[in-house]
Amino acid sequence: MGFCKVKLSFTIVFDGVGDGRLLLDVPDEVLSFVILLLSLVPDPSLGINWVCDGGFHLGSSCTQRSLLDAFNVAFLLGYSLTLLVSRLAKRGINGSGVTLDRVFCASSVLCAGIGIAHIGAGFWPFLSGSHGILYWAPWWIYLLRGVVWIAIAVSVCIHGTRWLRTLVITWWVSSSALLSALNVRILVEERKLHVLDVAAWLASLLLLFCALKLTRSPTHQHSASNRGLSEPLLNGGGGEERKTELTRAGFFSKLTFSWLNPLLRLGRSKPLGLDDIPCLDAEDDALLAYQVFSCEWDLLRRDGSRTKNLVLFSLARCYWKEMTVVGVYALLKTASFVVLPLVLYAFVEYSGREKKDLRTGSLLLLSLAVNKGVESLSQRHWFFDARRFGMRMRSAVMAAVFRKQLKLSSLGRRNHSTGEVVNYIAVDAYRLGEFPWWFHMGWSMPLQLLCAVTILLCTMGTGALPGLVPLLICGFLNVPFARSLKNSQLRFMAGQDQRLRATSEVLNNMKIIKLQSWEDKFRKMIGELRDEEFRWLADIQINKSYGTALYWMSPVFISAVIFAGVAIIGSAPLNASTIFTVLVTLRVMSEPVRMLPEALSILIQVKVSLDRLDRFLLEDEIKAEDVQRSPVHSSDVRVRISKGFFRWDPNMASPTLSGLNLQVFRGQKIAVCGHVGAGKSSLLHAILGEIPRVSGTVEIFGSVAYVSQIAWIQSGTIRDNILYGKAMEKSRYEMAIRSCALDKDIDNFDHGDLTEIGQRGLNMSGGQKQRIQLARAVYSDADIYLLDDPFSAVDAHTAAVLFNDCIMATLQKKTVFLVTHQIEFLTEADKILVMVGGQISQSGSYEELLKAGTVFQQLVSAHRSAMTVLESPNHGNKEETRTVREGTQTTELKEQESVEDVSIKGISTVQLTEDEEKDMGNLGWKPYIDYVSVCSGWLLLCLVILSQFGFVILQTLSTYWLAAAMKIPHIGKGTMIGFYTILSFLSGVSVYFRGWASAHLGLKASRAFFSGLMESLFKAPMSFLDSTPVGRILTRASSDMSVLDYDTPFSISYVLAPLIEMVAAMLVMTIVTWQVLVVAIPAMIAVRYYQGYYLASAREIVRINGTTKAPVVNYAAETSLGAVTIRAFSDSKRFFHNNLKLINTDATLYFHTIAAMEWVLMRVEALQNATIITSALFLLLLPQEAVAPGFVGLTLSYSLSLSGTQVFLTRWYSNLDNYIISVERIKQYMHIPSEPPAIISDNRPPPLWPHEGRIDLQCLKVRNQTVHSSYDIRLPLIFPVVSNELFPCYCAQIKYRPNAPLVLKGLTCTFAAGHKVGVVGRTGSGKTTLISALFRLVEPFGGRILVDSLDICSIGLKDLRMNLSIIPQEPTLFRGSVRSNLDPLGQYTDQEIWEALEKCQLKTTVSSLPDLLDSSVSDEGENWSAGQRQLFCLGRILLRKNRILVLDEATASIDSATDATLQKIIGQEFRGCTVITVAHRVPTVVDSHMVMVLSYGKIVEYDNPSNLLETNSAFSKLLAEYWSNCRRSSSQNLEEH
């Protein structure tokens, strides 16, 4: 029987007695299924005649209507009782809980009207004396219905509590479904319907729509507030950690994931926060995972039988039991999925029988239900447990990588930069989270494919053999495809490493890049690295699109070949059962062939990641035996080195340190001095065990504290950095602060010692960072102190305080090694070590070494020359000098405080680094629109959608053609198969275009987002970069960009494909058995409800997870930079456990993300399975002539795939919703307020500007650059402010903290052209801010800076910075070569570079290297000393030769002799140039033309130094301090020599 065409004609017939009925004329053959269904129901007589005439029979419409009335009365009573309880409990019934829009109002009015009409109909007999209108029911039934409908009208308005909402939704949906079924039955049998029944039917459908809206509306505000009273109890109260509900869940709760209900309920009521997420169970803890992994790793290493894949086999030995359990789940799912074609075959065969056995049909239906239940449960627990165990693997490997970086040797650190270590954690370890899932997918999919082939052979016989040919071809194509994919993947990962390494280096050194105006060069470098990476990404994505097209097309081609083979060979009849069994079998095959390319790609990525992790975890480590550490014993020996030979690089011909013999006792002060590169810092590293020991012994007795030459400061507060994980001991803490001269600095900070320190101490001056890490060492109360040039970044007064109060007083009984260039402090040392060429050339007291002469004599002579300059102003007035020295500190403090109140009293809660910003709630389509809009990919998106529509339509037509062709008489098999093949081929073309368009859309988006991100970051002001941890930016540049590159493009097509396929499946099922809509529509409504319920929580969990990953990455990067300090303090264990806490926090969010996913998928599958079973039930109950077997097969083939398609849709929709968060996060940093433009074409400076070098400061004011709250990314990029009449001044629009203090407070002065100007002042006086304002790293709040009468705010930043030169306070080298560091832009010849090296005293060192100018410079210039790095910076400015030169503590890390030489060279090379020198060494500025003394942002003095020295000036006091410090320590010895 074909499809019925239904024609409804509506006529209202009124008889003579006023009976009004709505009659619908319907053909008899249309609605036969209801009669068939009800005919199977027994009809026992209950003997009750008071409702229906003739008794109470279940088969009668009267009885069914009465049951519906009873059902409504039960709900009415339940609603009334719940409402009463709610009122008594005072839970607040304030309306509907949603805004009563027009739909709710109309529905309520309609229901009330129907209720009034029914009540009127009930009273009509008493009023008119006629019973005509009551054609079957007594009057009280109408009254009862009237009450029910009025109650429903009330329920539309009042459903304030959660229970009431649930009750009324259930009432409306079920009542609507039952009433619709009843009315359909009456129409079929009687072909007429009462007018009131028609109105009630319409109202019930409107209620169904209201139920849908109510499920999607937010929960009441008062519900959330009421629930808030119990939240502390949920959080565990008393400070206890609240564990996940899984630990207490029962069997059924674990089976159905119901243990997640409390969290999802909370997420439905309010946006979730991190505190709302329960902690992990003990068995998922990162520490346990690491311990198990470490144990297996050590066993494999000791065994020695394996040298490759150690990480893989260690994980396998750890988790083989768990993987076996997951394998059983995968096997059950595969078996249940493979059985589906056999079930369909049995159903089609059964439908073709003339006599149907109800028992057989019931067994078929039961087998289908059991099969789908097993499939759903096994698949859900496979996916959950696989990812859960993957999470444990991920945690174990992340912890192992972190632990390894704390053990890496110097060679290992050179081989693996900080950026690469971050990549191992952020990318490689994270991949392991999905590895178990893809592993089981990798073997279960081929098994499923093999079983499907077996079913084909059994069903179709030998005719199916030709179909194996294209299947084998696809299999063989996998080999070159996999090889090509792996090669591309390896190259892509290598390119990603290089790009992330460069990105990390650039972000960490952005200040120097901006000062030198090198943004274009480094942006181009990162762009080139990205282009190389992108080339392989494009290769991967295009190959994946080809593979996807091939594997989506293969089932239809294989089916065509099989049909042709069967038709030719005749091994089986081409009837409905065989054809649709083949089609369902090929659908079973389509999942493996669709997923295998993806699985292959992921497994290749995992293999690459495992190899990289292997290589890292096997890297060379610090050898504990190089240094023998022992606790303090009875002997006074603290350090002993015997015949020590040490070498940084094992490939070096000569050792770094040689012939060391040293014994140091308790309380001794050992000073280490020597020229730049002599090996002073290396000596300390040898004591710490950082340099590989070639021979000899090193022994340490007692604990060690280490202060590095380049300060290492953690993100956190000042207090955290000083305490360094130790308990607060107030007296010791205050002593450490005082002795390190930090007390006044802390008093001046708004938040005191709780002031937050930015990334790498960016908001602290160099002197403050050095003193903080010195205070950290003092507070540790160690036995041995290794201080690597701690005075290089502080002024003379502070250096004297640190030496006298800290080293000589606080550390009086401690053993101290002091590397220093300050000769004036050497007289106090018990022993002085003079380093030359890696050897201790001289050793002894100050007097002994002076008598011996040689190298030490040269150092002292250089210092004596500097002192001679100082001596003349106050020569012969030693008593005055002594008096000044004693009273300097008090006088100076009083004068400074009289100038300005240095403390901002209104303490702000705002700190430098804010919590990471994340969007809240459902952003709707905005992120998706952004994704397409940023890359202008609308055309490609339309092509994806159209291609997918074409694919589904053509596939549906091809299968429909097979079903319809069986009814066409005398049609040839060739025609049938040929037309099917043509349609299938066209569908294959469509899917190819879909894959091609998806790949190119993704590539276009990747390029656009990366370019936008880099463009924004390079143009970001320093205030943003200072206040944003590098880890946050790196997370976006690594893992978020990886999601954008890999996952997002094909996820869009993976959402569109099942969505369109579901629509097609529902259409086919509706056309054949439209009755299934009775279940399908409520099921779809419920699915939508569950998805919304799930997404309310899942979206926030994923967003929070995005913010928990950055701290893991940031902590790893920070720890990598401070590994030497951490090891020196023997604090590796604490850092490791802190890292475990961060890993656990991140894993907690991931765990609940995957659990929530399976929670919603299980419920979605259950609902769709109900639709499938209902469809199968209708097909069983319909008579043979109602639906042809071909259409039975067609319907079942689509319905059996419905749950899988729905799950696929839900999973990928949820994945896409999570992936799109990466788009949000990257886009946040694509709209950072920009710096002023690099070049303003209308305001270019003259060609030779500045031709003189005159600098005018006119009432210059600069505010504190702390950004207020979160960085406002919605501000316009730039805006003009008033500058002068000729040119506008462009300043970045940055949102500063309200009432932020002025750092520079109206400076007005002139730096004459060609003059040398010295800038001096205490730490925090504004020296560095003045230089930042000159280079426009910070924009003036008021006033102007004129260079040669040109306002610097009127020109572009590049034009300004390229014409200024600077040697920064912290010397910076980049990974590369000597040449690339001296001449990054490639502007100079080798000859010019060699001349610059000679002038900056580096030619001899570089000439001795084998690669000369191409000699390597490692990350951060670690293979060069701090002094050599400063000389490199000097070489850069010697090449540029600008008219204005700024020296910001340029010679702080070099010895006095080299300093004197360099000052002479600078004087010669920059004669006639304006030189601004910021210095702590007084001799550096004493020969200047002018000296500026700053104090708390104001100019205290600005005059010729000779004039200042003749008066009781602040500058003369500074000189007197320096003089007295030096004379007290060495004047007697200097006079002797």
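Structure data summary
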quantity: Test: residue in the stretch 561-581 that is in a helix (DSSP H, G or I), modelled with pLDDT under 75, surrounded by 22 or more Cβ atoms within 10 Å (Cβ to Cβ) and touching an Asp or Glu at 6+ places or on another chain (Cβ under 8 Å); calculated: yes
quantity: Residue within the stretch 386-408 that is farther than 26 Å from N1138 by Cα and either surrounded by fewer than 24 Cβ atoms within 10 Å (Cβ to Cβ) or touching a Phe, Trp or Tyr at 6+ places or on another chain (Cβ under 6 Å) (or both) present; calculated: yes
quantity: Number of the condition not met by I710 [criteria: (1) surrounded by 18 or more Cβ atoms within 10 Å (Cβ to Cβ); (2) more than 40 Å from the chain's Cα centre (by Cα); (3) aliphatic (A, V, I, L, M)]; calculated: (2)
quantity: Test: residue in the stretch 508-519 that is at positive phi and open to solvent by less than 20 Å² (accessible area, probe 1.4 Å); calculated: yes
quantity: Answer residue from the stretch 183-218, given it is of a type in the set (K, R) and touching a helix residue (DSSP H, G or I) at 6+ places or on another chain (Cβ under 6 Å) and is modelled with the highest pLDDT among those; calculated: R185
quantity: Some residue of the stretch 653-661 being modelled with pLDDT of 85 or more and among the β-branched types (V, I, T); calculated: no
quantity: Residues satisfying the stated conditions in the stretch 150-185, i.e. open to solvent by 30 Å² or more (accessible area, probe 1.4 Å), over 20 Å from A200 (Cβ atoms) and in a helix (DSSP H, G or I); calculated: R162, W163, T166, L167
quantity: Residue within the stretch 617-626 that is over 42 Å from the mean Cα position of the chain (by Cα) and not hydroxyl-bearing (S, T, Y) present; calculated: no
quantity: Breaking point among (1) at pLDDT 90 or above; (2) buried (at least 24 other Cβ atoms within 10 Å of the Cβ); (3) of a type in the set (F, W, Y), for F347; calculated: (1)
quantity: Test: residue in the stretch 301-322 that is closer than 19 Å to S444 by Cα, in contact (Cβ under 8 Å) with a residue 60 or more places away in the chain and among the aliphatic types (A, V, I, L, M); calculated: no
quantity: Restricting the stretch 631-652 to residues that are farther than 14 Å from S410 by Cβ and loosely packed, with under 15 Cβ neighbours inside 10 Å, the residue that is modelled with the lowest pLDDT; calculated: S634
quantity: Those residues of the stretch 954-992 which are open to solvent by less than 70 Å² (accessible area, probe 1.4 Å), out of contact with any Ser or Thr (no Cβ under 8 Å at 6 or more places or on another chain) and aromatic (F, W, Y), in sequence order; calculated: W961
quantity: Check on L742, open to solvent by less than 10 Å² (accessible area, probe 1.4 Å) and more than 25 Å from I700 (Cα to Cα); calculated: yes
quantity: Search result, residues across the stretch 806-843 that are modelled with pLDDT of 85 or more, open to solvent by less than 10 Å² (accessible area, probe 1.4 Å) and of a type in the set (S, T, N, Q); calculated: T815
quantity: Number of the condition not met by I1232 [criteria: (1) part of a loop (DSSP other than H, G, I, E, B); (2) surrounded by 20 or more Cβ atoms within 10 Å (Cβ to Cβ); (3) modelled with pLDDT of 75 or more; (4) in contact with a strand residue (DSSP E or B) (Cβ under 9 Å, 6 or more places away or on another chain)]; calculated: (4)
quantity: Residue match in the stretch 695-703 (condition: open to solvent by 10 Å² or more (accessible area, probe 1.4 Å) and either free of Cβ contacts under 8 Å to residues at least 24 places away in the same chain or within 25 Å of R738 (Cβ to Cβ) (or both)); calculated: yes
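For (1) open to solvent by 20 Å² or more (accessible area, probe 1.4 Å); (2) at pLDDT 85 or above; (3) hydroxyl-bearing (S, T, Y), each residue gets a yes or a no:
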position	(1), (2), (3)
A1450	no, no, no
S1453	no, no, yes
L1462	no, no, no
G1467	yes, no, no
F1470	no, no, no
V1475	no, yes, no
V1482	no, no, no
M1492	no, yes, no
G1497	no, no, no
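To keep it simple, each residue is scored yes or no on (1) of a type in the set (K, R); (2) open to solvent by 10 Å² or more (accessible area, probe 1.4 Å); (3) modelled with pLDDT under 85; (4) closer than 24 Å to D357 by Cβ.
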site	(1), (2), (3), (4)
Y1150	no, yes, no, no
R1163	yes, yes, no, no
A1188	no, yes, yes, yes
S1199	no, no, yes, yes
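The values are calculated or read from the model by the stated rules, or taken from the named source; none is laboratory data. Only a predicted model underlies this, so the values are computations on that prediction, with no experimental measurement involved. Cβ sites come from the backbone with ideal geometry, for glycine too, and all protein chains shown count toward neighbours. For accessibility, only protein heavy atoms count, side chains too; no ligands or nucleic acids. Shrake-Rupley method; radii C 1.70, N 1.55, O 1.52, S 1.80 Å.
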